[in-house]
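Some notes on the structure that comes next.
The values are calculated or read from the model by the stated rules, or taken from the named source; none is laboratory data. Computed from a predicted model, the values in this text were never measured in an experiment. As a convention, Cβ positions derive from the backbone with ideal geometry for all residues, glycine included, and neighbour counts pool all protein chains shown.
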Amino acid sequence: MTNTTHTPGPWETEYVSEADVWGIWQEKPPENETGSIARAYDESNARLIAAAPELLEALKYWLPVIEAQEGKSDEKDQWVDCVRFAIAKAEGK
């Protein structure tokens, strides 16, 4: 959709018992692989991190759809601001 500077998704997560953390990888790691994208100490955080590439892509897809809707309302403006903020935060802007 747009140029990315992050590791492209999809990302997967798996518990690494030796380190007692959840590892996030671009693909399922081979045995004894240590090159994870990120680590989380909680499974729910690991799942959220692993979903980040798809969430960002969805936000970028829906932003112009929301903006193109007819009419002006405070609710629409709030949604547009919220989506723009989340995209900017994910892109480090």
TODO: Report the residue count in the range 58-80 for those that are acidic (Asp, Glu) and at pLDDT 95 or above.
DONE: 0
- [ ] Scan the range 24-41 for residues that are modelled with pLDDT of 90 or more and farther than 24 Å from residue 87 by Cα and jot them down.
- [x] 41
- [ ] Look at the range 47-74 and say how many of its residues are in contact (Cβ under 8 Å) with a residue 24 or more places away in the chain and touching a Lys or Arg at 6+ places or on another chain (Cβ under 8 Å).
- [x] 1
- [ ] Could you grab the pairs with beta carbons closer than 7 Å, sequence gap of 6+ or different chains, first residue in the range 1-28 and of a type in the set (Phe, Trp, Tyr) and assigned to a loop (DSSP other than H, G, I, E, B), second one surrounded by fewer than 10 Cβ atoms within 10 Å (Cβ to Cβ) and modelled with pLDDT of 85 or more?
- [x] none
Open item on the list: For the range 67-93, give me the residue count where each residue is among the acidic types (Asp, Glu) and in a loop (DSSP other than H, G, I, E, B).
Closed with: 2
Open item on the list: Among the residues of the range 43-93, what is the count of those that are among the aliphatic types (A, V, I, L, M), exposed (fewer than 13 other Cβ atoms within 10 Å of the Cβ) and in contact with a Gly (Cβ under 9 Å, 6 or more places away or on another chain)?
Closed with: 0
